[in-house]
Amino acid sequence: MRPAGSKPPEALAPVAPAQRALAVLAGLMCLPYMVLKIAWLSGSRIGLNDPEFGTSSAMYVLNLLTGLLDVVALGLAVVFFTRRGARAPAWLVLPPMWIGAGLLGQVLLALPYALVQQALTSPALGNAQAPPIAGWVFGMVYGGFAGMGIGLLGAFAIYAWRRWGRRPAPPLTALSRGALIAASALAAGAGLVHLAGSDHPLGNRLQDLTLALVAAGGLLILARPRVSAGAFRAAVVVAFVGTGALAAWGTYHGVITLVPNELVGSAEIDWRGLGASSLRMIAGFAGAGAMILRLQPRSTAVAAQ
């Protein structure tokens, strides 16, 4: 019973069928990776050609952290599936989705290139040592990442449009404009430094540079005083994904470079690569901060001229 004269609670809008289907896809695609991580953390050697691989404390922590990221992805899928997800606090949805969009978005962009490269590369002959991780694990993991990316990014796109997409753009302030321009320059510079200073394969570095330049372009569009509503929304999307990729992959590569582990295979720290990864991480977080300044509603804001 409601008190007399009280306003009835606002009814929750039904979840769009496409959003719900994509959320289900994302949730299902989380499960194989989660099962594999639980198995490895429990001591199982399934999927490993070398039973000693991944037994160090550093690898245990890395497996735990990446497993927790998968749990967060599953939680986001639940948010996008349920009607009450529309009332989830923005601070609970946007930061993990920003990281997830960066990680999974880059996987989706890189996967076609990797498949073509694998198809055109002849397998090594002779008595080459077998890799420590079985080939089917990569297929399962990255296939799951691709399905998770399609599901989560698609469901989030519908969710974000229905929740925030029709809001007018806040006025551009001098502070947010300066921050966006600086973040754009930092993103482009981080991509170029990574291209020149990292020892990653050239194809991967070129993909990383392209994504950094796209993020920089999105931030620059957001810094323009006058831009159409469609261009503004598109710039928000590419800057959101691009800065997320810079922050997420810069952090990941920085951690595995700095912390001795079996993935790197060398006890010596690659300081040039660590510097390039750190700069990408900083650029990603700087871009996110500039976007927050740009998108924060300000009723008393003074528009930049």
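Throughout, read-outs are computed from the coordinates displayed, never taken from laboratory work. Everything quoted here is computed from the prediction, not taken from an experiment. Counting neighbours? That spans all protein chains shown, and the Cβs are built from the backbone with ideal geometry, glycine included.
Observations
- Between helix 135-164 and the chain: long-axis angle, C-alpha atoms, 0 to 90°, nearest 10: 0
- Annotation: amide H of I133 within the under-5 Å range of N49, sequence separation 5 or more or interchain, hydrogens built in the peptide plane.
- Counting neighbouring beta carbons within 10 Å and listing from fewest to most, the residues H253, H200 come out as H200, H253.
- J(HN,Hα) series, region 201-211, from Karplus relation 6.51 cos²θ - 1.76 cosθ + 1.60, nearest Hz, glycine and proline x: x, 4, x, 5, 5, 5, 4, 4, 5, 4, 5
- With an a/c value of 1.5 or above and a/b not larger than b/c for the gyration tensor axes a ≥ b ≥ c computed over the alpha-carbon atoms, the chain is described as oblate.
- Using 0.36 nm per residue and subtracting the Cα-Cα separation, the extra length available between L175 and S56 on full extension is 38.2 nm.
- Pair L115, R84: separation of 7 Å Cα→Cβ label points (nm): 3.8
- Crossing angle, helix 174-197 versus the chain [Cα axis fit, 0-90 degrees, rounded to tens]: 10
- With neighbour counts taken as other beta-carbon atoms within 10 Å, the residues L104, L92, L295 rank, fewest first, as L92, L295, L104.
- Under 5 Å from the amide H of T173 lie the amide H atoms of A304, each residue being 5 or more positions distant or on a separate chain, with H modelled from the backbone and absent for Pro and chain starts.
- Per-peptide average of other Cβ atoms within 10 Å, ordering 143-153, 80-90, 224-234 highest first: 143-153, 80-90, 224-234
- Look at V236, V264 and count the other Cβ atoms within 10 Å of each Cβ; fewest to most, that gives V264, V236.
- From its DSSP helices (H runs of at least four residues, each -39,500 (n - 2.57)), the chain gives a residue-normalised ellipticity at 222 nm of -24500 deg cm²/dmol.
- Summed residue charge, Cβ within 11 Å of A212's Cβ, Lys/Arg positive, Asp/Glu negative: +1
- Relative to the dominant Cα principal axis of the chain, helix 271-295 is inclined by about 20°.
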